[in-house]
Amino acid sequence: MDVKSAFLNEFIEGEVYVRQPPGFESARFPDRVYKLRKALYGLKQAPRAWYARLKSFLLKSGFVMGSADKTLFLLSHGGDTLIVQIYVDDIIFGGSCHALVSSFVEQMSREFEMSLMGEFLFFLGLQIKQGLEGTFVHQAKYTRDILKKFNMDDSKPMTTPMSTNMALDADEDGEVVDQKEFRGMIGSLLYLTVTRPDIQFAVCLCAHYQASPRTSHRQAVKPIFRYLKFTPELGLWYSSSFSLSLRGFSNADHTGCWIDRKSTFGTCQLLGTSLVSWSSRKQASVSLSTTEAEIPLLVDSTSAISVAKNPVLHSRTKHIDVRFQFLRDHYEKEDIDLVHVVSANQLADIFTKPLEFDAFTRLRDPPWGCHVGSVPWVCQDVPIAVWNQIGPVPV
């Protein structure tokens, strides 16, 4: 749903004055200004005032605000749940009970002037396909738009976003390129990673050189666009029939950057077979060992490494003892289960280093014969009935 004239729904705090609008000046008081009572579009206080108004209404209606995301609100009624997500004046909502959803629509319509948009199909560049078997989220239209914007729509497709022998540095002697264009390319690609975790590592690596981009850096970005030309309709598949078991994968490419020898680490978390969170970033300082690189990563992701279960390796963790003790404490309490994952099934590898085509596609795509570590978290825009053939993933 969309709130009509949302910013005009709330009184603002403090004194704010505006000039008389052109063409509507007072003949009697031409030198006077208006004192605002309510928020006005274009006013920097307007979005905050509107959010405060809507939040107050939802909390009074029995909703609970999310602890991590302050724009997410939840309402529980009996065994049913209603979820409301706010983005300025646009509201996305859904629930497990039609009566609960209808009641929310009636409440909002009485309080605000609303426009009900119907089923959730398109939002902020995201395209959503819903079905009984699950939901597919992708950015195919956005992908084609940015390919055209940066004149890459006629480029030769590539099967991976980055070559394994790609080596980037500051290239201070290289030719300077248009910084505005380069930043525009990086910004467009970063937004695409919302549904394309397969390009996360390559985009983040190139993003380090936005301050002073050179020809070599622009050349490194082009393969990402050429890969998108090859796979414009990849996206995220969220099955409605998976278990609610939470699994995480983490790995670090120890001293992977040959310039400053800092490690790149990646994590991803899955709810059942659906990818719900992922990251790829460079560590702030140089790690002296693989253990030192991976333990902080584990604490952040509460994920997997064999050191916590191998007493032989304990002596190597004294300098990071606090983090290690944190992990071991939760492992002994059985809050988490730490398992060493072989490289072939290590999903986090796709966030830490460039991979050959076979390894890249194995980690990216769902296989028809599932095995541990292989999950349908990125899939082509194909009929849902086809993906329903994929069986459950053993844990």
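Accessible surface ranking for LEU236, LEU43, 1.4 angstrom probe, highest first: LEU43, LEU236. Ligands, DNA and RNA are left out, and with a 1.4 angstrom probe the accessible area of region 80-136 is 59 Å² per residue. Using a Förster distance of 25 angstrom, determine the FRET efficiency expected from the C-beta separation of TYR17 and GLN107, and round it to 0.05. With a Förster radius of 25 Å, E is 0.10. Using the Cβ-Cβ distance between ASP337 and GLN219 with R0 = 56 Å, the FRET efficiency computed as 1/(1 + (r/R0)^6) comes to roughly 0.80. Rounded to the nearest 10 square angstrom, CYS97 shows an accessible area of 40 square angstrom against a 1.4 Å probe. Across ASP198, ASP31, ASP153, ASP358, the residue with the most accessible area heads the list, and the full order at a 1.4 Å probe is ASP31, ASP358, ASP153, ASP198. Rolling a 1.4 Å probe over the protein chains gives LYS229 an accessible area of about 70 Å². The figure for TYR209 is an accessible area of roughly 40 square angstrom, using a 1.4 Å probe on the protein chains alone.
The values are calculated or read from the model by the stated rules, or taken from the named source; none is laboratory data. Nothing here was measured: the structure is a model prediction, and the numbers come from that model. Glycine gets a Cβ as well: all are built from the backbone with ideal geometry, and neighbour counts include every protein chain shown. Heads up: the accessible areas ignore ligands, DNA and RNA and are worked out on the full protein's heavy atoms, side chains in. Shrake-Rupley method; radii C 1.70, N 1.55, O 1.52, S 1.80 Å.
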